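This report refers to the structure that appears directly beneath it.
The values are calculated or read from the model by the stated rules, or taken from the named source; none is laboratory data. Treat the numbers as computed from the prediction; the structure is a model and nothing was measured. Don't worry about glycine lacking a Cβ; one is built from the backbone with ideal geometry, like all the others, and counts go over all protein chains shown. These area figures cover heavy atoms from the full protein model, side chains too; ligands, DNA and RNA do not enter into them. Shrake-Rupley method; radii C 1.70, N 1.55, O 1.52, S 1.80 Å.
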Amino acid sequence: MSKKIFENKYFWWGLGLIIVLIATSVEVFRGRNTNYFDYQDSTRMFWEGLSPYNLEYAQAHQIYFLYSPVFSVIFAPIFFLPWWLGPYIWNIGNYTLFSLAIKWLPQQLERYKLYIFIFLLSVVLQTVFCYQHNIIVAYIYLFAFILLERGKGFWAVFLIMLSATTKVYGAAELAILFCYPKTWRNFGYAALCGAFFLLLPAINTNFDNVFVLYQQMFDMIAAHHSDSDFTGILFARGLKPFLLPNYRLVQLTMMGILAVLFFWRYKRWSDFRFRVRALGVLTGFMILFSDCPETHTYVITFPFYAMAFWLQEKRTWLDWTLFWLLVVNFCILPTDVLCPAWLHNFVHRTFWLDVYTYFFCWLRMIWLAVGPEVEMKGIKEMKGMRNENEEMGK
């Protein structure tokens, strides 16, 4: 009986939905849905002709507003809902869309979808509890990937540019267009869609020149800094003194190395596994080497890691060790219901096991993507043996 429940996808989705409803209710009635208040206030200011990209806003809300004016346009329908209803629509909508993205993954992942969803559930619920935007970036990445695999280049690029013009994380997925047919046509779509979204805030006539807001946003991003240690490799114990002071050089150098490796293995672009791993490496780089990642930011890259993990023909003891370390460090320790906050903080701040674990998972994906084609050779040998057996049977 318990095995049937464990294997029931509706049970897990329903469990997640119940937790979403409870978490949203707790935050709404306590008035602690901080990030949602930021979305509300910035949207209200935008439609009133005021800019949220200034120190006054940052000091009043104790956070910099780093989303573009496009976000304030798209968020408007939720903003105009009753104060108590908006948070439910935001959280339930995001949870449902993320779940659909997993459900609609390509056929090659059919037997692993439930495993992927269960692995991601805790991290997804952490982002929902905090009203984070990261879950939107995550499911847009997934939907764009799904559409590209189905040959729907325009709609994939439309989603990518929607994400990119809202928060810059989304733009990185454009790199994967090289792996699909009609590459330059898709980049043309990207230019058109990007122009459409960037011009969209001009519908607000309270601004004489909406592009001034973009300049203010970029100035704010450039000035954005914090004394906190974020959950990324730049801040990890033992590496921080070397990496953080030179973080831009580190980011650019690593980006260059990854670009060289990607184009070096251009013959693998037609391989489904390579495309999944490439997206895993790309999103992993974005988070690990970011100058402000948090634990729940990893929801953007974990889906592609999970896909890459289950697509391996052979998972070694090292793969399983890293996988279970991820479960402990990202799914159990950061969840207050499962682990006291002080214990999570102690483990993270003392050993940085979460960051180092995913860093090694990321290196493993790079190796699988661009290393020797051991798996492909094994698959070809198995096919050859199968054909020989069929011939002998005949």
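For the chain, give the percent of accessible area contributed by carbon and sulfur heavy atoms, probe 1.4 Å, rounded to a whole number.
Carbon and sulfur together cover 67 percent of it.
Assign unit charges at the C-beta atoms only (+1 for Lys and Arg, -1 for Asp and Glu), then state the dipole size of the chain relative to its Cα centre in Debye, rounded to the nearest 20.
Roughly 1300 debye for the chain.
What is the dipole size for the stretch 155-252, taken about its Cα centre, with +1 at each Lys and Arg Cβ and -1 at each Asp and Glu Cβ, in debye to the nearest 20?
360 debye
Looking at the P(r) of the stretch 279-360, how many percent of alpha-carbon pairs lie beyond 15 Å?
Within the stretch 279-360, distances greater than 15 Å cover 59 percent of Cα pairs.
Could you bin all the Cα-Cα distances of the stretch 1-111 into 5 Å bins starting at 0 and give me the percent of pairs in each, rounded to whole numbers?
2, 10, 17, 16, 16, 13, 9, 8, 5, 3, 1, 0
So what are the three principal axis dimensions of the stretch 64-108 from its Cα atoms, in whole Å, longest to shortest?
40, 25, 18
Using alpha carbon centroids, what distance separates the stretch 336-352 and the stretch 177-226, in Å?
So the separation of the two Cα centres works out to 38 Å.
Project the alpha carbons of the stretch 89-199 onto their principal axes and report the range along each, largest first, in whole Å.
38, 34, 19
Provide the three semi-axes, in whole Å and in decreasing order, of the ellipsoid equivalent to the stretch 227-348 as defined by the square roots of 5 times the Cα gyration tensor eigenvalues.
27, 22, 11
When the C-alpha atoms of the chain are aligned to their principal axes, what extent does each axis show, in angstrom, from largest down?
78, 49, 45
Report the local net charge at P334: Lys and Arg +1, Asp and Glu -1, summed over other residues whose C-beta lies under 11 Å from its C-beta.
Taking every other residue near P334 into account, the sum is -3.
Treating the Cα atoms of the stretch 91-142 as identical point scatterers in vacuum, please give the log10 of the normalised Debye intensity I(q)/I(0) at q = 0.16, 0.18 Å⁻¹, two decimals.
-0.42, -0.53
Take the Cα coordinates of the stretch 246-302, assign each an equal point scatterer, and use the Debye formula without solvent to give log10 I(q)/I(0) at q = 0.14, 0.20, 0.22, 0.31 Å⁻¹.
-0.44, -0.79, -0.89, -1.19
Quick one: check the C-alpha center-to-center distance for the stretch 127-170 versus the stretch 241-294, whole angstrom.
18 Å
Among T34, Q107, C179, whose Cα projects farthest towards the positive end of the dipole of the chain, with charges put on the beta-carbon of Lys, Arg (+1) and Asp, Glu (-1)?
About the Cα centre, the residue reaching furthest to the positive side is Q107.
Kindly provide the helix-only [θ] at 222 nm of the chain, computed as the sum of -39,500 (n - 2.57) over DSSP H runs of four or more divided by all residues, to the nearest 500 deg cm²/dmol?
-21000 deg cm²/dmol
Based on the Kirkwood radius over alpha-carbon pairs, what is the Stokes-Einstein translational diffusion coefficient of the stretch 36-83 at 10 °C with 1.306 mPa s viscosity, in µm²/s?
Roughly 147 µm²/s, to the nearest whole number.
If you average over every viewing direction, what projected area does the convex hull of the Cα atoms of the stretch 167-245 give, in nm²?
Taking the Cα atoms of the stretch 167-245, their convex hull projects to 8.3 nm² on average.
Can you work out the Karplus-derived ³J(HN,Hα) for every residue in the stretch 199-205? Use 6.51 cos²θ - 1.76 cosθ + 1.60 with θ = phi - 60°, whole Hz, and x for glycine or proline.
Per residue, the Karplus-derived 3J(HN,Hα) values read 7, 4, x, 5, 5, 7, 7 Hz.
With only Lys, Arg, Asp and Glu charged, each at its Cβ (+1 for the first two, -1 for the last two), find how big the charge dipole of the stretch 1-145 is about the Cα centre; round to the nearest 20 debye.
Once rounded to the nearest 20, the dipole reads 680 debye.
Could you give the alpha-carbon Rg of the stretch 195-281 over 2.2 N^0.38 Å, rounded to two decimals?
1.62
Ignoring ligands, DNA and RNA, how do Y10, Y39 rank by accessible area with a 1.4 Å probe, largest first?
Reading off the accessible areas and sorting them downward yields Y10, Y39.
Got a sec to turn the phi values of the stretch 233-245 into Karplus ³J(HN,Hα) couplings, 6.51 cos²θ - 1.76 cosθ + 1.60 with θ = phi - 60°, whole Hz, x for Gly and Pro?
Karplus values, whole Hz, x for Gly and Pro: 5, 5, 9, 5, 4, x, 10, 3, x, 9, 8, 4, x.
If only Cα atoms are counted, what is the Rg of the stretch 1-59, and what is its Dmax, in Å?
19.1, 59
For the stretch 34-182, report the accessible area per residue in Å² (1.4 Å probe, heavy atoms, rounded to an integer).
That works out to 40 Å² for each residue.
Long-range amide H contacts for F230: which residues qualify at under 5 Å (H placed 1.01 Å from N, peptide plane, sequence gap of 5 or more or a different chain)?
When sequence neighbours closer than 5 places are left aside, there are no close amide H contacts.
Just the number please: accessible area per residue for the stretch 284-348, 1.4 Å probe, all protein chains included, in Å².
Computed with neighbouring chains in place, this is 40 Å² per residue.
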